[in-house]
Amino acid sequence: DTGVSQNPRHKITKRGQNVTFRCDPISEHNRLYWYRQTLGQGPEFLTYFQNEAQLEKSRLLSDRFSAERPKGSFSTLEIQRTEQGDSAMYLCASSSTTGEYEQYFGPGTRLTVT
Amino acid sequence: AQKITQTQPGMFVQEKEAVTLDCTYDTSDPSYGLFWYKQPSSGEMIFLIYQGSYDQQNATEGRYSLNFQKARKSANLVISASQLGDSAMYFCAMREGSGGYQKVTFGTGTKLQVIP
């Protein structure tokens with residue numbers, strides 16, 4: 001399978017705990033995006049990497065959120081001191097820089113904060 | 001102002017009929033693109049079709065076509081010969097900018113239900 005993969009697929013955590021999600025993009029894609037999707041809404045942009053550089057962050061991304069892509073391959077999204085409002089689907093997408101604009105999405109990680 | 005507006009929260013279509021899902025957009029960037037994605041109940045986002053702002057012809061991909069009316073800032077998705085498997089959420093999205101970073105903004109979606 002050469003698509004975008006995300007782990008874990010589901011995460012249930014208690015309020016105040018830290019969680020980390022992983023995204024493995026399509027291997028030849030150097031652009032990687034994180035989105036958050038709540039019920040009944042479209043995905044909302046969180047942050048973007050080109051190779052290992054984080055080039056854009058949404059103001060939705062509070063200080064409790066941090067994302068990394070240390071070697072320009074996989075990426076991690078960490079949420080510290082989770083709140084119930086963080087419950088959502090976290091989607092990762094990747095794209096190439098060779099003129100193709102479409103982003104290919106992973107299956108998402110569903111986070112539930114109790 | 002909303003960057004992407006999808007005014008139809010839900011739509012029904014009879015199997016084998018055609019259906020149009022509406023999308024209007026707002027941007028001052030001369031270089032932009034419009035996407036449509038399908039999200040079945042399983043949750044994955046599936047790319048359907050893309051139209052660039054400078055493309056002269058409307059994009060088509062199999063049963064999907066994008067009715068791009070630049071002056072009206074609309075990018076409606078037409079699905080021909082609907083199938084039961086087309087039942088899903090459909091999201092219109094827009095990318096802005098050229099070259100490096102491409103921010104993509106999604107609409108709120110339209111839930112399509114295909115009736116046998």
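The values are calculated or read from the model by the stated rules, or taken from the named source; none is laboratory data. Please read these numbers as outputs of a predicted model, since none were measured by experiment. Backbone-built Cβ (ideal geometry, glycine too); neighbour counts: all protein chains shown.
Things worth noting here:
- Per-region count, the range B:59-116, residues farther than 30 Å from A:GLN54 by Cα, part of a loop (DSSP other than H, G, I, E, B) and of a type in the set (S, T, N, Q): 4
- Among (1) basic (Lys, Arg); (2) out of contact with any Gly (no Cβ under 7 Å at 6 or more places or on another chain); (3) over 17 Å from B:VAL104 (Cα atoms); (4) assigned to a loop (DSSP other than H, G, I, E, B) - the single one A:ARG59 does not satisfy: (3)
- Residues in the range B:1-57 that are in a loop (DSSP other than H, G, I, E, B), more than 12 Å from B:SER74 (Cα to Cα) and not hydroxyl-bearing (Ser, Thr, Tyr): 17 in all.
- Of all the criteria given as (1) within 14 Å of the chain's Cα centre (by Cα); (2) free of Cβ contacts under 8 Å to residues at least 12 places away in the same chain, the one not satisfied by A:ALA93 is (2).
Yes/no per residue for (1) modelled with pLDDT under 95; (2) within 14 Å of the chain's Cα centre (by Cα):
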{"residue": "A:ASP63", "(1), (2)": "yes, no"}
{"residue": "A:PRO70", "(1), (2)": "yes, no"}
{"residue": "A:GLU78", "(1), (2)": "no, yes"}
{"residue": "A:THR82", "(1), (2)": "no, no"}
{"residue": "A:TYR101", "(1), (2)": "yes, no"}
{"residue": "A:VAL113", "(1), (2)": "no, no"}
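- Condition met for A:ALA93 (assigned to a strand (DSSP E or B), more than 14 Å from chain B (Cβ to nearest Cβ) and not hydroxyl-bearing (Ser, Thr, Tyr)): no
- Among residues of the range B:21-44 that are more than 10 Å from every other protein chain (Cβ to nearest Cβ), those with a Cβ under 6 angstrom from a residue that is among the basic types (Lys, Arg), sequence gap 6+ or separate chain, pair up as B:THR24/B:LYS73; B:TYR25/B:LYS73; B:ASP26/B:LYS3.
- The listed residue being buried (at least 16 other Cβ atoms within 10 Å of the Cβ) and farther than 21 Å from B:PHE47 by Cβ, out of A:PHE65, A:PHE49: A:PHE65
- Residues of the range B:34-45 classified as over 20 Å from B:GLU17 (Cα atoms) and surrounded by fewer than 15 Cβ atoms within 10 Å (Cβ to Cβ), total: 2
- Residues located in the range B:60-111, provided they are among the hydrophobic types (A, V, I, L, M, F, W, C) and either within 17 Å of A:GLN41 (Cβ to Cβ) or in contact with a His (Cβ under 8 Å, 6 or more places away or on another chain) (or both): B:ALA88, B:MET89, B:PHE91, B:CYS92, B:ALA93, B:MET94, B:VAL104, B:PHE106
- Against the test of being surrounded by fewer than 18 Cβ atoms within 10 Å (Cβ to Cβ), away from chain B (no Cβ under 12 Å) and small (Gly, Ala, Ser), the options A:SER27, A:SER58 yield a single qualifying residue, A:SER27.
- The one condition from (1) within 12 Å of chain B (Cβ to nearest Cβ); (2) assigned to a strand (DSSP E or B); (3) of a type in the set (Asp, Glu) that A:GLU78 does not meet is (1).
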